[in-house]
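The values are calculated or read from the model by the stated rules, or taken from the named source; none is laboratory data. Given the structure is predicted, the values throughout are model-derived calculations rather than measurements. Here the Cβ positions follow ideal geometry from the backbone for every residue, glycine too, while neighbour counts run over all protein chains shown. Just so you know, the surface numbers come from the protein's heavy atoms only, side chains and all, with ligands and any DNA or RNA stripped out. Shrake-Rupley method; radii C 1.70, N 1.55, O 1.52, S 1.80 Å.
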Amino acid sequence: MSSGLYSQLTEKRRLIAHEEVQDPRSSPDPVAARILKPSVIPVITYPASWSFRMLQAAAVLTLDIQLKAIEKGMVLKDASAYNIQFAGPNPIFIDTLSFEQWSEGNPWFAYGQFCRHFLAPLALMSYGDVSLHTLWSAYPDGIPLPVATQLLPLKARFSMGLYLHLFLHASQLNATPRGGAKTAKKFSKQELTNLANHLKAIVKKLKPAATPSNWIEYYENDVEQAYQVKKREVISGWLKEQQPGKVLDVGANRGQYSYMAAETAACVIAAEADPTCVDAMWLDMREKKVDRILPICFNAANPEPGIGWMNEERSSVLERIGADSVLALAVTHHLAITYAIPFHRQAEFFFRLGKEAFVEFIPKPDPKVQLLLKTHRNPFDSYSRETFVAAFEKLFDVRRSAVLSDSGRELFWLVRKPGV
Amino acid sequence: MSSLLLYLDPGSGSVIVQALIAAFLGAGVFFKSIKLWASQFFGNKTKDEE
């Protein structure tokens, strides 16, 4: 606090602001010395939901904060990805208690953690596949270096930075220091600075793997114009009437409708299964300085589970992203046909996520449904408007409906039935 | 043997590597400064460092 680090970092919105609550004796913990009340982040996300560029931004922020801390004679005592949250598209460091005084000669003890939490997954998403953010569900404490180095291709070894910090590092994990603590190397401030700068340069140089994406130019190439115009008009009108505080856009694609929702809602979660689209959205939102929309990687058919101790150490994404209003635009046919999830189970899903929902029905003769049916066997015969409406009406009241296209695409404004 | 490994401090290997890399980066800075000095000494225009 007195070093000026806190004010420097909070002014730039890099560190979460807090106020000191007056009386520590009000704490249930008898040894509490001070109570800090942090400002509130609207949606909590974990790295399992971040795209490549989001994790990269989080890594750069962690190193920037470490560098600032070193200047002031402090260090970060941990370098966990969970210490970063996103306020809109901007990463912010939330663990005020991670700072500690650096004792002359000490190494950066969080270095190993930094490599597991940032460098290893970034390398995998760069040299492997951008969908590997999902590895976080299996490895809650970051990707173990021996695992990462086994998975990385040979060419990753030829990157000097990755060779040193991942491959060499992994090979030394079980080594014991020779000569004991007395002859151990003393680190200088300059060396810690060099290390953080080196890591930062490596992280910034990594690019997301070029994974083929069907969805990145979907709206430009594959969707009929008249239908889009009509759909925008209906949704915009309904949103103005609804005035939601928080919106969850499921299957956001490039955030076309998230931007629209952000005109009225204070917080929009743009949830999209294709990590390439999430990356593109994130870049776009950063550029346009849109701070109300948070893009996340989210597969509705397999949402990020609760992990760690009792599966409760980190809660599941469904427990964290509830909203006033859910947008489910052109997703129910994918869930029904690709993932064989019947409409009544889909209704339960959207019921759980939001008080109200705009859900689109795509009829069987629609070309997109026919395309899906070419490669997927029809999982249930009763794919029809009647079964759709009957399933959703068990849990929701239909406030409005509007036909959007000649093929019979239809949007329903659903409101949770009271007392269900 | 493998059961012994479980009792090792997981941080100690990272400290060893950190020491190696610190030395390596230090050497890098040292050689860069020699290169810079030499190029100035022989009257070449200094190129901007990356």
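I'm trying to understand the selection: among the residues of the range A:30-57, which are touching a residue at least 12 places away in the same chain (Cβ under 8 Å) and not hydrophobic (A, V, I, L, M, F, W, C)? A:ARG34, A:LYS37, A:PRO38, A:SER39, A:PRO42, A:THR45, A:TYR46, A:PRO47, A:SER49, A:SER51, A:ARG53, A:GLN56, listed by residue number. The set of residues from the range A:133-147 being assigned to a helix (DSSP H, G or I) and open to solvent by less than 50 Å² (accessible area, probe 1.4 Å) comprises A:HIS133, A:LEU135, A:TRP136, A:SER137, A:LEU145, A:VAL147.
Taking first residues from the range A:1-23 that are of a type in the set (Gly, Ala, Ser) and partners that are at pLDDT 80 or above and surrounded by 11 or more Cβ atoms within 10 Å (Cβ to Cβ), the Cβ contacts under 8 Å between residues at least 6 apart in sequence or on separate chains come to A:SER3/A:LYS72; A:SER3/A:GLY73; A:SER3/A:MET74; A:GLY4/A:LYS72; A:ALA17/A:THR10.
Checked against the criterion of being open to solvent by 50 Å² or more (accessible area, probe 1.4 Å) and more than 19 Å from the chain's Cα centre (by Cα), the candidates A:GLN150, A:GLN113 yield just one match: A:GLN150. Note on the range A:184-211: residues that are more than 11 Å from chain B (Cβ to nearest Cβ) and farther than 21 Å from A:GLN56 by Cβ amount to 1.
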